[in-house]
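S.K.: Got a structure for you, questions after.
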Amino acid sequence: MSSIERSERRTAFAFVAPALLWTLAFFLVPFGAMVLLSLAHLEGREIVQAYDLGNYIKIFTDPSLLKGIFVSLEITMTVTVISVLLAWPLAWIIATQVPARYQRLAIMLAVLPFWTSYVVRSYAWALVLGQNGVLMQWLIGIGLLDAPIQIMATRAATIIGFVHFFVMLLTLTIYANLIQLSPNYARAAADLGASGWQTLRLVILPLTLPGIMTGAFLTFVLCIGDYITPQILGGNNELSMPQLIMLQLGRRGDFPMASALSVVLMALVTLAYAATARWLKMDRV
Amino acid sequence: MRALGYIYLVAIFAFIFLPVIVLVLFSFQAGRLPVPPFDGPSLKWYAEVLNDRGLMEALRNSLFVALVSSSIALMLGFLAAQGLARVRLPGSVVMRGLLIAPMTVSYLIIALGLLSLFNGLGFRPSLWATGIGHVVINLPLCFAILFAAMGDHQKNAERAARDLGASELQVVALVTAPMLKPALLAAFFLSITFSWDEFIIAFLLTRFDVTLPVEIWSMLRSGLSPATNAIGSLVFLVSIVILIILELTVFRKSKS
Amino acid sequence: MTADVALQSISQSFGTFRALDNIDLSFGAGEFVVLLGPSGCGKSTLLFILGGFLSPSRGTVKIGGRDMDGVAPRNRPTTTMFQDYALFPHMTLRDNVGFGLRMKGMGRAARNAKADDMLDLVGLCDKAGRKPHELSGGQRQRVALARALAVDPDVLLLDEPLGALDLKLRRQMQDELKTIQRKVGTTFVHVTHDQEEAMAIADRIVVMNHGKVEDFGVPEDIYLRPKTLFTANFMGDINRIPAELVSAQARVVHGVRPENVGLKGDIALGPARLESAAFFGTYHRCHFRSADDRSTPYVAHLALGDLPAVDAIVPLFASHVVALRETA
């Protein structure tokens, strides 16, 4: 290696070092500390390091904890599927049916509620879905309902709140994918005799798979780790994993158990990544 | 087909806007509950939140944390991107992976990790602790945006500047930063947004001085109130104004 | 299969911009026609009108005598080969080439057999199971050709198909395109801005500029006997001869190609000073300026051995002078 190259590398490394050190000190080391803590136990009010898997065994044997994993997975999967199904047509309509000069406006409008505060967004849905809320009053007003039905503090409310957010996110990723496709794909398919539906199903849909999968993975990560939405909208009738973690931290002060639950949560995200990575790598020309 | 498309568009836009409309509408409610029937308009809840010292304090804290943490994240991210884009370092793939990794981890886990560490070190929860957490979540974002924006023509322009006698500092100040201005601004404002809006890290890592989302959260625990609508609407309004200013200045220019 | 093509007073406007202005053209069945012109001249617009992706503001398209008004691309006897090839990245080459047959409802076995035949035609039968990203640019171009030809179109429309290839590959693919066209007999309409490419492959060339047809004819005529000043300039260098030296009419200029300027010839251009010269292998490219008070510049390609000394004044002559209209 020449001395010029060596000094260039030294400079480059000096540039990268601060960010690396920060990530090491405040991300990797804390994560390690958390994993260590998950191997400890709460005895009385003292945390005692035991280096055993007691907390993990408890998570998978205690029905109230195990249920949290399933609640979280069910909610996350439902949200992801519904959001993709709602967002794809929206992104497609904006990308292909809306005149080009209004597209930017349409997309900005479609994600406008992003700019409300995240806590406030869930609160706003609580206003809409409550017993005396706008939705019930309206449904009773037009004669569809005689009396309000319970949506707040159910899983349905959590799912609605989540879907609202993730439809916006997925619309963005799928739209970004759609507009970078050459219009010639659709032209070529039509030219070779494909109907509009065939073009959509055989050509456009497969080509947006990377956008869908990227969005679905993001949805999974953000949804399964979110505490606010299930807490405000879903209430305490069934607890998702983040709610369980916060419960351990708050009322019980069981830090080791909260850490173990977090490690399990992390493992679920890693599994989701492994499942979608194959698609995220989808070849493009 | 087209008509069906527009019907779908209207229906889904209604769904997307419904909570925002309800939020803003009932911020003008005169009564004590933000539910129908609407009995406003009244500005009394705006007056109340603007005179609420706790809220205004939280707003200042949020701004402080957002500005400081975004500046640090931007600086670290810029330097790292500059270093990794310039030469092929041994292990550069690993370094890139490590820098991006926090992006795929739930904020709750990052918060809990920092809490474990700080507890172990006896470091008390504070705005500074929150700021550290916010740098952790925004650093990958800044790095990714800036790394993607640094292309070959960037590298060549820097080489040309060095060749013409510019020092390392002059290269960064006179060539790199101006060329990357749109990406730098995008990364900075995205970071501000994320930090400004972040709840769980701030919730777990602050105690007495709290940020705005945490303060709003504690307002919620005392039940529904048009005051929450008012502060929510104010935050929304400010975000939209900033967004429009950005759209009209920075991003319009960078497009042409 | 093959068919003739007739374009009758086609006009196309985009807002106030007139992309095509009253185009009348007809191509014979089995002909290889090249639409040639600078970017923005309307050649791609005309191709898209032929393919049915645009309907003209005015005028009629007839293919095989049939009026194409209101006929969708999928129902036209044309297929288009796109500039970016638009190969479906998630399908194998075989599935790409068989796509049109699948849309026609052909069974899997039959369409795979046909697809393999087509891949064989373009020399890629050993790669039928690969995906487009595994191929080089030239190979992708061939797959696109096979896919377009697999449905037996009467007319194949090619939108700058060689534009993405480097020069050497480009010249090689020109010859292949021509050979394949001769083999299948389909009418080819090919768009390009490269005049060498046009001369190498076309039976007839349509030269276009500003939405109008400047010239239409066999390559020899287009090069040697261009009708307009634009065509003459676009196809190569042209020297303008001062009006006094030839019997000039209004709105007509006379021009001569550099290879037809020399030390002998039909028309005397008068004495000229050699200002500079460069060696081009088979000729010297010389810049002269006439020694009279007009100081008209001339470019001449002089045979090896004819080169005068720089600054020498020699009498220049021109032959094969052509009269060129100033506008189409």
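S.K.: Computed FRET efficiency, Cβ-Cβ of residue C:57 and residue B:2, R0 35 Å: what is it to the nearest 0.05?
M.R.: It comes to 0.95.
S.K.: Which order do A:197, A:115 fall in if you start with the one that has the fewest other Cβ atoms within 10 Å?
M.R.: Ascending Cβ contact count within 10 Å gives the list A:197, A:115.
S.K.: What spacing in nm lies between the two simple spin-label points modelled at residue B:173 and residue B:47, each 7 Å away from Cα in the Cβ direction?
M.R.: 5.2
S.K.: Using 0.36 nm per residue of separation minus the Cα-Cα distance, give me the extension gain between residue C:306 and residue C:194 in nm, one decimal.
M.R.: My answer for the length gained is 37.2 nm.
S.K.: For q = 0.10 Å⁻¹, what log10 I(q)/I(0) does region A:1-154 give under the Debye formula with an equal point scatterer on each alpha carbon and no solvent?
M.R.: Cα-only, vacuum Debye calculation for region A:1-154: -0.86.
S.K.: Still on this structure: In whole Hz, with x marking every Gly and Pro, tabulate ³J(HN,Hα) for region B:178-183 from phi via Karplus 6.51 cos²θ - 1.76 cosθ + 1.60, θ = phi - 60°.
M.R.: 3J(HN,Hα) across region B:178-183, in whole Hz: x, 5, 9, 3, x, 5.
S.K.: What net charge do the residues around residue C:303 carry, taking every other residue with its C-beta under 11 Å from that of residue C:303, with Lys and Arg at +1 and Asp and Glu at -1?
M.R.: Computed value for this residue: -1.
S.K.: For region C:278-301, list residues with backbone N below 19 Å from a point placed 7 Å from the Cα of residue C:243 toward its Cβ?
M.R.: Counting only backbone N, you get C:293-297.
S.K.: Now, a different point. Give, rounded to the nearest 20 debye, the magnitude of the charge dipole that chain B has about its Cα centre when Lys and Arg contribute +1 at Cβ and Asp and Glu contribute -1 at Cβ. Please list the in-between numbers first.
M.R.: Working: 18 positive and 13 negative charges, 100 e Å.
For this selection, approximately 480 debye.
S.K.: Another one. Using the basic label-point model (7 angstrom from Cα toward the beta carbon), what is the residue A:66 to residue B:207 distance in nanometres?
M.R.: About 3.9 nm separates the two model spin labels.
S.K.: Ok, one more. Can you tell me the length gained on complete extension of the stretch residue B:14 to residue B:33, counting 0.36 nm per residue apart and subtracting the Cα distance?
M.R.: 4.5 nm
S.K.: Another question, then. Set the Förster distance to 60 Å, then compute FRET efficiency between residue A:267 and residue C:326 from the Cβ-Cβ distance, nearest 0.05.
M.R.: The calculated FRET efficiency here is 0.15.
S.K.: Determine the dipole magnitude for chain C: charges of +1 sit on the beta-carbon of Lys and Arg, -1 on that of Asp and Glu, nothing else is charged, the reference point is the Cα centre, and the result goes in debye to the nearest 20.
M.R.: On the way: 38 positive and 38 negative charges, 219 e Å.
Result for chain C is approximately 1060 debye, rounded to the nearest 20.
S.K.: Find which of A:176, B:222, C:141 sits farthest along the positive direction of the dipole of the protein assembly as shown, computed with +1 on the beta-carbon of Lys and Arg, -1 on that of Asp and Glu, about the Cα centre.
M.R.: Result: B:222, furthest along the dipole toward the positive end.
S.K.: Note the full-extension length gain between residue A:78 and residue A:236 as 0.36 nm times their separation in residues minus their Cα-Cα distance, in nm to one decimal.
M.R.: 54.9 nm
S.K.: Using a 10 Å cut-off around each Cβ, can you sort B:126, B:27 from fewest to most neighbouring Cβ atoms?
M.R.: On the way: B:126 15, B:27 25.
Placing the least packed residue first, the sequence is B:126, B:27.
S.K.: Using only DSSP helix segments of four residues or longer, with each worth -39500 (n - 2.57), what per-residue ellipticity at 222 nm results for chain B after dividing by its residue count and rounding to 500?
M.R.: Calculated mean residue ellipticity at 222 nm is -23500 deg cm²/dmol.
S.K.: Sticking with this one: Where does the Debye-calculated log10 I(q)/I(0) of the protein assembly as shown sit at q = 0.09 Å⁻¹, using only Cα point scatterers of equal weight, no solvent?
M.R.: With no solvent term, the Cα-only Debye profile gives -1.07.
S.K.: Sticking with this structure for a sec: Going toward the positive end of the dipole of chain A, with +1 on Lys and Arg Cβ and -1 on Asp and Glu Cβ, which of A:138, A:208, A:247 do you reach last?
M.R.: A:208
S.K.: For the pair residue B:121 and residue A:102, how long in nm is the line joining their label points, each one 7 Å along Cα→Cβ?
M.R.: About 5.4 nm, to one decimal.
S.K.: Using just the helices of chain A, give the 222 nm mean residue ellipticity in deg cm²/dmol: DSSP H runs with n ≥ 4 each add -39,500 (n - 2.57), and the total is spread over all residues, rounded to 500. Numbers along the way, then the final one.
M.R.: Numbers: 12 runs with 187 residues, N = 285.
So the helix-based figure for chain A works out to -21500 deg cm²/dmol.
S.K.: Taking chain C as the reference, fit the longest principal axis to its C-alpha atoms, fit the long axis of helix C:93-103 to the helix C-alpha atoms, and give the angle between the two in degrees, 0 to 90, nearest 10.
M.R.: 70
S.K.: Apply the Karplus curve 6.51 cos²θ - 1.76 cosθ + 1.60, θ = phi - 60°, to the phi angles in region B:234-241 and return the couplings in whole Hz, x for Gly and Pro.
M.R.: 4, 4, 4, 4, 4, 4, 5, 4
S.K.: Arrange C:60, A:219, A:80 by Cβ neighbour counts within 10 Å, fewest through most, would you?
M.R.: If I rank by nearby Cβ atoms, fewest first, I get C:60, A:80, A:219.
S.K.: Please report, in debye to the nearest 20, how large the charge dipole of region C:1-88 is about its Cα centre when each Lys and Arg carries +1 at its beta carbon and each Asp and Glu carries -1 there.
M.R.: Charge dipole of region C:1-88: 160 debye, to the nearest 20.
S.K.: Report, in cubic angstrom per residue, the convex hull volume of the C-alpha atoms of chain C.
M.R.: Given the Cα convex hull of chain C, per-residue volume reads 159 Å³.
S.K.: Can you give the helix-only mean residue ellipticity at 222 nm for chain C, where every DSSP H stretch with n ≥ 4 adds -39500 (n - 2.57) and the sum goes over all residues, rounded to the nearest 500 deg cm²/dmol? Mind showing how you got there, number by number?
M.R.: Values: 8 runs with 86 residues, N = 328.
Mean residue ellipticity at 222 nm (helix-derived): -8000 deg cm²/dmol.
S.K.: If you line up the long axis of helix C:108-121 against the longest principal axis of chain C, both from Cα atoms, how many degrees apart are they, to the nearest 10?
M.R.: Tilt of helix C:108-121: around 20 degrees.
S.K.: Starting at the first residue of region C:159-174, write each ³J(HN,Hα) from the Karplus equation 6.51 cos²θ - 1.76 cosθ + 1.60 with θ = phi - 60°, in whole Hz, x for Gly and Pro.
M.R.: Here the 3J(HN,Hα) series is 9, 6, x, 9, x, 8, 9, 6, 4, 5, 5, 4, 5, 5, 5, 4 Hz.
S.K.: Hey, what's the per residue convex hull volume over the C-alpha atoms of region A:63-280, in cubic angstrom?
M.R.: Hull volume over Cα atoms, normalised by residue count, gives 156 Å³.
S.K.: Please work out the Cα center distance from region C:185-225 to region C:59-136, rounded to the nearest Å.
M.R.: If you average the Cα positions of each part, the centres end up 26 Å apart.
S.K.: Given 10 °C and 1.306 mPa s, how large is the Stokes-Einstein diffusion coefficient of region C:237-325 in µm²/s, with Rh as the Kirkwood radius over Cα pairs?
M.R.: Approximately 121 µm²/s, per Stokes-Einstein.
No lab work stands behind these numbers, since they all come straight from the coordinates. Not measured: the values here are computed from a predicted model. Cβ atoms come from the backbone with ideal geometry, glycine included; neighbour counts cover every protein chain shown.
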